[in-house]
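The values are calculated or read from the model by the stated rules, or taken from the named source; none is laboratory data. These numbers were taken from a predicted model, which means no experiment stands behind them. Cβ placement follows ideal geometry from the backbone for every residue including glycine, while neighbour counts extend to all protein chains displayed.
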Amino acid sequence: MRSQFILFTLLLAFAVHTPAAEIDNELKRLQNILTTLNQELEATYRQFQMIQEARRANAQQEISSGPRPGLDNRNYDDIIAAQNEARDRGKELSREMNQLLTKVKEIEVQKQPLLQRVYELVRTNSASNSELQPVEAPTTTGKTQTQGKSPAIKP
């Protein structure tokens, strides 16, 4: 994945101790990468929510697609076919949700060494540069939260 390559390159490039100006540059680059990863998390979370809503609607459709005595003139085979289609759609949506959860976990794993490096650099550079502030990550409520945490995704 593209993010893993960037992470590996950054960690190799900055493995040695750097002067204050280079620390600031590295912090900016790391913060940019973390911002990109947080945006990716946010987009993944929105996809997850859309699929979750589609799954709920599909489950409701599956329930309502059953025979309705006295009101239904569809034949039995059509009813069973509609129920099977809804069940298959539900399975596909669940599979997509699981893929998104896996993607979220991968992004979180990618973020950890970057965050650790940012905290190390901030500690190293805190005496010489008090202007640094932690990177903030957007949440689904429009508020911000400290980097390293992501919106909770519940299946």
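For the list (1) loosely packed, with under 15 Cβ neighbours inside 10 Å; (2) at pLDDT 60 or above; (3) in contact with a helix residue (DSSP H, G or I) (Cβ under 8 Å, 6 or more places away or on another chain); (4) under 30 Å from Ala21 (Cβ atoms), I need the number of the one condition that Arg87 fails.
Failed condition: (4).
Take the residues in the stretch 109-128 that are touching a residue at least 40 places away in the same chain (Cβ under 8 Å) and more than 20 Å from Pro19 (Cα to Cα); name whichever of them is surrounded by the fewest Cβ atoms within 10 Å (Cβ to Cβ). Write out each step before concluding.
Within the stretch 109-128, the first condition is being touching a residue at least 40 places away in the same chain (Cβ under 8 Å), and the residues that meet it are 110-111, 113-115, 117-118, 121-122, 124-125, 128.
Checking which are more than 20 Å from Pro19 (Cα to Cα) leaves us with 110-111, 113.
Details: Gln110: 19, Lys111: 24, Pro113: 14.
Out of the qualifying residues, it is Pro113.
Taking the condition over 30 Å from Leu114 (Cβ atoms), modelled with pLDDT under 95, small (Gly, Ala, Ser) and not in a helix (DSSP H, G or I), does Gly66 pass? It would help to see each step written out before you state the result.
Numbers: over 30 Å from Leu114 (Cβ atoms): yes; modelled with pLDDT under 95: yes; small (Gly, Ala, Ser): yes; not in a helix (DSSP H, G or I): yes.
Yes, satisfied.
Being of a type in the set (A, V, I, L, M, F, W, C), farther than 28 Å from Asn125 by Cα and modelled with pLDDT of 70 or more is true for just one of Ala21, Ala59. Which residue is that?
Details: Ala21 fails: farther than 28 Å from Asn125 by Cα.
None of the others qualify; the one that does is Ala59.
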